[in-house]
Amino acid sequence: YRQIKGKPYPKSRYCRGVPDPKIRIYDVGMKKKGVDEFPFCVHLVSWEKENVSSEALEAARIACNKYMVKSAGKDAFHLRIRVHPFHVLRINKMLSCAGADRLQTGMRGAFGKALGTCARVAIGQVLLSVRCKD
């Protein structure tokens, strides 16, 4: 599901039954602090044009937050996830048990059901930013 194929497929009134994205919190740390308190900013930048799943974004947020709290303290940074998972991923489920050939239809009606969401990321796009003192 990493490659970008076809058009964006967002959740809409036509595309229902989409599971909620795993990432819920996009801002962590001291959100209210201005540029004068946190002058230094570090970005995580994508080198490829790809899909980034909401699970991967949540894992990156947790790992970055844990590292920053351990090394700088919980009041010494502001972490922001800069991409949002709007694109819906689909899966055409196949059975792999005995007698599955009688139950499933193969590639007939192979549009698929909603599996999860992901963010479409371009080359050089910022994924997350961390602001801190130095």
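The numbers here are math on the coordinates, done by the rules we state, and not lab data. The structure presented is a predicted model; accordingly, all values stated were derived computationally and were not measured. With ideal geometry, Cβ positions are generated from the backbone for all residues, glycine too; neighbour counts draw on all protein chains shown.
Restricting the search to the stretch 1-42, which residues are touching a helix residue (DSSP H, G or I) at 6+ places or on another chain (Cβ under 6 Å) and in a strand (DSSP E or B)?
Residue satisfying the conditions is Val28 alone.
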**Request:** Kindly check whether there is at least one residue in the stretch 60-78 that is part of a helix (DSSP H, G or I), under 21 Å from Asp27 (Cα atoms), of a type in the set (Val, Ile, Thr) and out of contact with any Pro (no Cβ under 7 Å at 6 or more places or on another chain).
**Result:** yes
**Complete:** Taking the stretch 87-134 and keeping residues of a type outside the set (Gly, Ala, Ser), part of a loop (DSSP other than H, G, I, E, B) and free of Cβ contacts under 8 Å to residues at least 24 places away in the same chain leaves Asn92, Lys93, Met94, Leu95, Cys97, Gln104, Thr105, Met107, Arg108, Phe111
**Asked** Any idea which of (1) aliphatic (A, V, I, L, M); (2) under 19 Å from Arg131 (Cβ atoms); (3) surrounded by fewer than 17 Cβ atoms within 10 Å (Cβ to Cβ) is the one Met94 doesn't satisfy?
**Response** (2)
**Prompt:** So how many residues does the stretch 2-37 have that are within 17 Å of Gly116 (Cβ to Cβ), among the charged types (D, E, K, R) and surrounded by fewer than 10 Cβ atoms within 10 Å (Cβ to Cβ)?
**Reply:** 3
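Can you say whether Ser53 is hydroxyl-bearing (Ser, Thr, Tyr) and surrounded by 10 or more Cβ atoms within 10 Å (Cβ to Cβ), as far as the supplied structure shows?
Against the criterion (hydroxyl-bearing (Ser, Thr, Tyr) and surrounded by 10 or more Cβ atoms within 10 Å (Cβ to Cβ)), Ser53 qualifies.
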**Asked** Name the pairs: first residue in the stretch 55-74 and farther than 19 Å from Asp134 by Cβ, second residue of a type in the set (Val, Ile, Thr) and surrounded by fewer than 15 Cβ atoms within 10 Å (Cβ to Cβ), Cβ to Cβ under 8 Å, at least 6 apart or on different chains?
**Response** Arg61/Ile25
